[in-house]
């Protein structure tokens, strides 16, 4: 186990330096490693990063000048608090890992962890919300201002593990028939939000679910599935999905409507994900590499790049990777995308703006700027279905769905 702890510390260290987590897993996870164990340690270390740093400072008075040793200690604190392994085993393996990383620190690691075991039940929960829930301080401050009644629940849900929800491809199979397949395979599931969505319990590999290769389903949160309804689509329309990858919303449109759909994404690598998902779900779209500025569309979907603050439980590394200055950069990019999409929308057409952010600077503020610059644009009301928690058209993340923002514009 100690070799896995070394790898987990290296991954966390590289992540703090700005590397992408998927790239790090591919780089550091070897055949001899327990990959699931390492991922659990890394994700847990990220989830509790600020809290574990706070705890560590209670037991180490001076800065630890070896970052790998520091992250090893923080990860081990996570293990002690959240895993079921015997505490003495966890400490012994951490000491072995310390010897592997830097032999000068193994006595310190041993002393700190044994002191923590003796004193941990006496520690007082920190009053500072950013420490208690382990988020950047600016993040918590913004939420407290924007969601005075919900900020703590939002912080808490971001630290949970998201459930797997699947969308049934009803061009291939009905909802009831797919439920029969789940029951025949003895797979636990639950119908949520007025029994419209299938939530799978304890799934580790979605490719092992019935009908995966035959395109019977697609993994998609209930919040993301609302986009298809909000677009007000009719058969025969020309539609553009401007930020399409990996194709979740595009495939949903094609499952439900007979339309001419263009899919565009700036990332050539991610375009391959669209192709792969279209093929598995047995759907066809026009994957375009360049926007035709002379073409006009009945409907345009812009699922804009954003902070991801509404889906942090699915992308926990956002808590460490995202910086406050990123929010302004995203909002500028989002406004630019709206402007570009608006130029190629037909008169009388509709454009749906979507983010997976809960920060108003990326949502309402962008909408206000866009409307002030485009007098032929009118925002329309959206009816949020029963069961979803929301504020205006901002979904509030909870145990049933993610925190997405929606706004639809009609062109006069």
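The values are calculated or read from the model by the stated rules, or taken from the named source; none is laboratory data. Since the model is a prediction, treat every value here as computed from it, not as a measurement. Virtual Cβ from ideal backbone geometry, glycine too; neighbours counted across all protein chains shown.
Of the conditions (1) touching a helix residue (DSSP H, G or I) at 6+ places or on another chain (Cβ under 7 Å); (2) in the same structural domain as residue 342 (by TED's automatic domain parsing), residue 229 clears all except one; give me its number.
The single condition residue 229 does not satisfy is (1).
Those residues that are surrounded by 18 or more Cβ atoms within 10 Å (Cβ to Cβ) and in contact (Cβ under 8 Å) with a residue 40 or more places away in the chain, I need them from the range 137-149; list them, please. Break it down stepwise before answering.
In the first step, residues of the range 137-149 are kept if they are surrounded by 18 or more Cβ atoms within 10 Å (Cβ to Cβ); the result is 139-140, 142-143, 146-147.
Residues satisfying the conditions are 139, 142, 143, 146, 147.
Considering the range 57-78 alone, what residues qualify as being without any contact (Cβ under 8 Å) to a residue 24 or more places away in the chain and under 15 Å from residue 9 (Cα atoms)? Explain how you work it out, then say what you get.
Pass one, the range 57-78, residues without any contact (Cβ under 8 Å) to a residue 24 or more places away in the chain: 57, 61-63, 65, 70.
Matches in the range 57-78: 65, 70.
For the range 172-207, which positions are in a helix (DSSP H, G or I) and either without any contact (Cβ under 8 Å) to a residue 40 or more places away in the chain or exposed (fewer than 13 other Cβ atoms within 10 Å of the Cβ) (or both)? Show your work before the answer.
Initially, the range 172-207 is screened for residues in a helix (DSSP H, G or I), giving 175-184, 206-207.
Across the range 172-207, the qualifying residues are 175, 176, 177, 178, 179, 180, 181, 182, 183, 184, 207.
Of 215, 211, 248, which residue is at positive phi and touching a strand residue (DSSP E or B) at 6+ places or on another chain (Cβ under 9 Å)? Walk me through how you get there before you give the answer.
Details: 215 fails: touching a strand residue (DSSP E or B) at 6+ places or on another chain (Cβ under 9 Å); 248 fails: at positive phi.
Exactly one residue qualifies, and that residue is 211.
Filtering the range 108-128 down to residues that are in a helix (DSSP H, G or I) and surrounded by fewer than 12 Cβ atoms within 10 Å (Cβ to Cβ), which residue is farthest from the chain's Cα centre (by Cα)?
Step one: of the range 108-128, the residues in a helix (DSSP H, G or I) are 108-122.
Okay, now just the ones that are also surrounded by fewer than 12 Cβ atoms within 10 Å (Cβ to Cβ), so 118, 121-122.
Working: 118: 36, 121: 33, 122: 34 Å.
This residue is 118.
Tell me, yes or no, whether the range 75-85 has at least one residue that is closer than 25 Å to residue 39 by Cβ, assigned by TED's automatic domain parsing to the domain that holds residue 11 and more than 29 Å from the chain's Cα centre (by Cα). Step through it out loud before you land on a result.
Pass one, the range 75-85, residues closer than 25 Å to residue 39 by Cβ: 75-85.
Right, trim to assigned by TED's automatic domain parsing to the domain that holds residue 11 and you get 75-85.
Next, only the ones that are more than 29 Å from the chain's Cα centre (by Cα) stay: none.
Within the range 75-85 (the criterion being closer than 25 Å to residue 39 by Cβ, assigned by TED's automatic domain parsing to the domain that holds residue 11 and more than 29 Å from the chain's Cα centre (by Cα)), the answer is no, since none of the residues qualifies.
For the list (1) within 22 Å of the chain's Cα centre (by Cα); (2) free of Cβ contacts under 8 Å to residues at least 24 places away in the same chain, I need the number of the one condition that residue 258 fails.
(1)
For the range 335-368, what are the residues that are out of contact with any strand residue (DSSP E or B) (no Cβ under 7 Å at 6 or more places or on another chain) and either surrounded by fewer than 22 Cβ atoms within 10 Å (Cβ to Cβ) or within 19 Å of residue 243 (Cα to Cα) (or both)? Reasoning before the result, please.
Taking the range 335-368 and keeping what is out of contact with any strand residue (DSSP E or B) (no Cβ under 7 Å at 6 or more places or on another chain), we get 335-336, 339-340, 343, 356, 359-361, 364-366, 368.
335, 336, 339, 340, 343, 356, 360, 361, 364, 365, 366, 368 - these are the residues of the range 335-368 that are out of contact with any strand residue (DSSP E or B) (no Cβ under 7 Å at 6 or more places or on another chain) and either surrounded by fewer than 22 Cβ atoms within 10 Å (Cβ to Cβ) or within 19 Å of residue 243 (Cα to Cα) (or both).
Does the range 208-222 contain at least one residue that is in a helix (DSSP H, G or I) and over 19 Å from the mean Cα position of the chain (by Cα)? Spell out the reasoning first.
Quick first cut of the range 208-222, residues in a helix (DSSP H, G or I) only: 208, 222.
Still in the running and over 19 Å from the mean Cα position of the chain (by Cα): 208.
Checked the range 208-222: at least one residue is in a helix (DSSP H, G or I) and over 19 Å from the mean Cα position of the chain (by Cα).
Kindly indicate whether residue 81 is under 24 Å from residue 315 (Cα atoms), in contact (Cβ under 8 Å) with a residue 24 or more places away in the chain and surrounded by fewer than 16 Cβ atoms within 10 Å (Cβ to Cβ).
Values: under 24 Å from residue 315 (Cα atoms): yes; in contact (Cβ under 8 Å) with a residue 24 or more places away in the chain: yes; surrounded by fewer than 16 Cβ atoms within 10 Å (Cβ to Cβ): yes.
Yes: the conditions hold for residue 81.
Let me confirm something: among 383, 396, which residue is touching a residue at least 60 places away in the same chain (Cβ under 8 Å) and under 26 Å from the mean Cα position of the chain (by Cα)? Break it down stepwise before answering.
Numbers: 383 fails: touching a residue at least 60 places away in the same chain (Cβ under 8 Å).
Testing whether each residue is touching a residue at least 60 places away in the same chain (Cβ under 8 Å) and under 26 Å from the mean Cα position of the chain (by Cα) leaves just 396.
Can you give me the number of residues within the range 12-38 that are under 14 Å from residue 316 (Cα atoms) and surrounded by 17 or more Cβ atoms within 10 Å (Cβ to Cβ)?
The total comes to 3.
Could you check the range 258-281 and list, in sequence order, the residues that are surrounded by 15 or more Cβ atoms within 10 Å (Cβ to Cβ) and assigned to a loop (DSSP other than H, G, I, E, B)?
259, 264, 265
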